[in-house]
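Worksheet: the structure to be examined is printed underneath.
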Amino acid sequence: MEPILRAEGLGRRFPVGDGVWALKKASLSVPAGRFVLVAGPSGCGKTTLLNLLGGLDRPTRGDVELRGVRYSTLDESGLARLRRTEIGFVFQFFNLLSDLTAEENVALPMRMTHMPRDEVAARTAMLLEAVGMSHRARHTPYELSGGEQQRVAVARALANDPTIILADEPTGNLDSKNSTEVMDLFRRFNRERKQTFVVVSHDPAFAEYADVVVWMQDGEITSVEEREGRPS
Amino acid sequence: MIDFIVALWGGVKNLFYSLHPRQLRRFAAELPVLTPLAVRSVRRRLPRYLMVGVSLGAGIIIFLVLSASFRGSAVDLAGRTSPMDLPADIVVLDIADWGRAAGDLGWVGAAGSYEVFDSWEAPTSVGLRRVLGLPEGGRLLGWLGLDHLPPPGGVLLAADVAAAAGLRPGDTVLVGRVGRDGFTGRGYRLAGLHEARDSLFRGTLVMSLEELLELRAALGAASGSPAGGPGADSPQPTALAAWAGSEGTLPRMLERVKGLFPDATIWWAALPGDQAYRAVGGFLAPGRLVLALVFVLAGLGVFNVMLLSLLGRKAQLGVLKALGSDDDEVFLLLFLEGGFMALGGSALGLTGGAFLVRVFDRVSELPLLLTPSALVWAAALGVVSFYLASWFPATLCRRASPIQLMAERRLYLDPRSTCAQCGRCGGF
Ligand SMILES: Nc1ncnc2c1ncn2[C@@H]1O[C@H](COP(=O)(O)OP(=O)(O)OP(=O)(O)O)[C@@H](O)[C@H]1O
Ligand SMILES: [Mg+2]
């Protein structure tokens, strides 16, 4: 299958001291509908890779291509527009805007694309329903548990029906019960809606149902493990 | 250092760029999305924002009250100076935009600076008199206690002079000059009497400006000088007081008067009212400095709150960028937040200031005079101080990458070049 996301020779060097190559050279293709897990020891460059894939950071070398659009051809606001419409993010911390309610957080990406109000409202309700958070729609993040916040964040990541969802340790801050719930959500959206995921996680539970596991070490991709016949 | 200056210059360019119509249209399109966010943010930080709004408002109030009292005292002081005779051939006066109101007429009239008129010492049939030429419709008439000039061929005479000379309206008054050929003059009908309320015009003979000029030209021409303009032999005007709208017009007016009367002694800026005004003006200069400081302080308040508000939620703004808000939109968001408090503060300041000026004017001995220009200045300074104060924090944020913000790293004016590496300023 044609990959929708492709990274070629991606490298990122931080200008600290003599320069630190957080990511040396990474090439990766993600076909549509796949669930890709990025794993590896702490400090191996997983977050750096994900940030580059999401257009949150610019690579020192190499390029990323999403649905045929090369990031290097986009300026900052072009990249922002791409993030707005094509990419959903779930992070470990600071996911939700604390000034806004759960509902408003989910609606925000749609408002940013100037979607009509009633459509936004309908879709927000649908997404909150899907992540089981309808009953907390009017609550602010302070009034939600970590797991609940993460579920709202998943709903928000799905808001504009993105090409791909990138998640950096989405369960890293949750207890096992909440982790399972969030993971189940990921799985459901992947299986039922063929939503493409790239998830960075230490959690071995993710490995169980990932289609592809990308192993990293010292800023390099050491192996890409395709998993056929995963349990569905 | 050079990088920093370049970055700063880029920011300044951006400051103006954000006022470009194209950019404003873009901002307008994003307002429906960003306004609710800004409103929410302000509501969440209401006490802090209120305090800044109030201090901006207080700045404006102080500005208005101080400038009104400066103005008021200047007018008052000028009004208290005693009138004097016009001492030179030509007096050119230049008073700023105050004193035009009917109530200010007293001191203006006393200073002889109300409007253009011509005054000439001339031998007349009732003795050596100051002949005044006034323009029709001039407001000086009112100040002389008259509502119109005499009809053509007529003059007005001070009531006391007429009584002493035994003249009555309808009698003829001769006005002229004593030359080599004896008395040359013209007869005028005494059309009426006037009671000058000020020594400056006491005992004067009043006619229309056109008639006075015509008379002088005729008498000048009779003694052999070119007709029309005042020649060497022609009687020079003893006084010509003129009103200029603003300080900027004074040099031009002086130029013109010098051209018209090349031999006359031109005197300006030394009449009591004018001197008083200038004295108060000298007092105004440090006063203006104080007023400017008030705005700098209010601006620093806005700056601080905006900076704190930004630094306290780097991560949040980072998420906003990650979600796809572009740099300009985040910039606009912060600007809107600042704008709300500036708007509230200005409204508070302008209404509160105007109200306090009225109250002080009632209760205090010194009059306060609030000019429209002071209100405009206060509003403009409020807007400018807010704009400059919001600019820096908003620019820091505009230029930071989403990662930088989400990881709560330090922000530099220029995150990409060597500015961030130098870091001597420590970043924010
Ligand atoms: N802004 C930065 N400046 C300097 N070095 C950085 C920066 N960001 C990351 N690094 C370095 O790059 C390397 C990779 O970092 P990265 O955050 O990608 O690791 P990671 O695999 O996500 O680790 P973890 O599993 O602990 O989250 C680390 O050694 C880190 O110290
Ligand atoms: Mg990481």
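The values are calculated or read from the model by the stated rules, or taken from the named source; none is laboratory data. All values derive from a computational prediction rather than experimental measurement. Cβ sites come from the backbone with ideal geometry, for glycine too, and all protein chains shown count toward neighbours. Surface accessibility is based on the protein's heavy atoms, side chains included, excluding ligands, DNA and RNA. Shrake-Rupley method; radii C 1.70, N 1.55, O 1.52, S 1.80 Å.
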Wholly enclosed strands (runs of 3 or more DSSP E) of region A:1-99 bearing at least 1 residues at pLDDT below 90 and within 30 Å of B:Pro36 (Cβ to Cβ)
none
A:Thr171: away from ligand 2 (no atom under 16 Å from the Cβ) and either in contact (Cβ under 8 Å) with a residue 24 or more places away in the chain or in contact with a His (Cβ under 9 Å, 6 or more places away or on another chain) (or both), yes or no?
no
Within region B:300-317, take every residue that is within 11 Å of chain A (Cβ to nearest Cβ) and farther than 12 Å from B:Arg45 by Cα and give me the one that is most open to solvent (accessible area, probe 1.4 Å).
B:Gln316
For A:Leu128, work out the one condition from (1) in contact with a strand residue (DSSP E or B) (Cβ under 6 Å, 6 or more places away or on another chain); (2) closer than 22 Å to B:Gly324 by Cβ; (3) among the aliphatic types (A, V, I, L, M) it doesn't fulfil.
(1)
Select from region A:121-143 the residues that are crowded, with 20+ Cβ neighbours inside 10 Å and β-branched (Val, Ile, Thr) and write down the one among them that is modelled with the highest pLDDT.
A:Thr124
If you take the residues of region B:99-153 that are part of a loop (DSSP other than H, G, I, E, B) and hydroxyl-bearing (Ser, Thr, Tyr), which of them is modelled with the highest pLDDT?
B:Ser125
Using the structure shown, decide if B:Ala347 is at pLDDT 85 or above, under 24 Å from B:Val12 (Cβ atoms) and surrounded by fewer than 19 Cβ atoms within 10 Å (Cβ to Cβ).
no
Give me the residue from region A:106-120 that is open to solvent by 40 Å² or more (accessible area, probe 1.4 Å) and within 14 Å of chain B (Cβ to nearest Cβ) and, out of that set, nearest to A:Ala153 (Cα to Cα).
A:Arg111
Filter region A:57-76 down to residues that are open to solvent by less than 60 Å² (accessible area, probe 1.4 Å), more than 26 Å from A:Glu169 (Cβ to Cβ) and away from chain B (no Cβ under 14 Å), then give me how many there are.
2
Output the residue which, of all residues in region A:156-211 that are acidic (Asp, Glu) and more than 16 Å from ligand 1 (Cβ to nearest atom), is least open to solvent (accessible area, probe 1.4 Å).
A:Asp211
Just to check your reading of the model, which residue among A:Ala130, A:Ala153, A:Ala157 is away from chain B (no Cβ under 14 Å) and under 30 Å from A:Val64 (Cβ atoms)?
A:Ala130
Go through (1) within 29 Å of A:Arg188 (Cα to Cα); (2) open to solvent by less than 70 Å² (accessible area, probe 1.4 Å) one by one and return the number of the condition A:Ser42 breaks.
(2)
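Quick grid of which residues meet (1) open to solvent by 50 Å² or more (accessible area, probe 1.4 Å); (2) under 24 Å from the mean Cα position of the chain (by Cα):
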residue: B:Asp361; (1), (2): yes, yes
residue: B:Thr371; (1), (2): no, yes
residue: B:Gly382; (1), (2): no, yes
residue: B:Leu388; (1), (2): yes, no
residue: B:Thr395; (1), (2): no, no
residue: B:Ala400; (1), (2): no, no
residue: B:Gln404; (1), (2): no, no
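One line per residue, one yes/no per condition, for (1) without any contact (Cβ under 8 Å) to a residue 12 or more places away in the chain; (2) within 16 Å of ligand 2 (Cβ to nearest atom); (3) in contact with a helix residue (DSSP H, G or I) (Cβ under 6 Å, 6 or more places away or on another chain); (4) of a type outside the set (Phe, Trp, Tyr):
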{"site": "A:Arg34", "(1), (2), (3), (4)": "no, no, no, yes"}
{"site": "A:Ile87", "(1), (2), (3), (4)": "no, no, no, yes"}
{"site": "A:Val90", "(1), (2), (3), (4)": "no, yes, yes, yes"}
{"site": "A:Met112", "(1), (2), (3), (4)": "no, no, yes, yes"}
{"site": "A:Glu119", "(1), (2), (3), (4)": "yes, no, no, yes"}
Checked region B:20-32 for anything within 9 Å of chain A (Cβ to nearest Cβ) and without any contact (Cβ under 8 Å) to a residue 24 or more places away in the chain; matches are B:Ala29, B:Pro32
Hits in region A:45-56 (condition: more than 11 Å from ligand 2 (Cβ to nearest atom) and either more than 12 Å from chain B (Cβ to nearest Cβ) or surrounded by fewer than 19 Cβ atoms within 10 Å (Cβ to Cβ) (or both)):
A:Leu53
In region A:77-94, the residues that are within 16 Å of ligand 1 (Cβ to nearest atom) and open to solvent by less than 20 Å² (accessible area, probe 1.4 Å):
A:Phe89, A:Val90
Tell me, please, whether a residue that is within 11 Å of ligand 1 (Cβ to nearest atom) and buried (at least 23 other Cβ atoms within 10 Å of the Cβ) can be found in region A:27-36.
no
With the condition kept exactly as written, say whether any residue in region A:92-104 is aromatic (Phe, Trp, Tyr) and away from chain B (no Cβ under 11 Å).
no
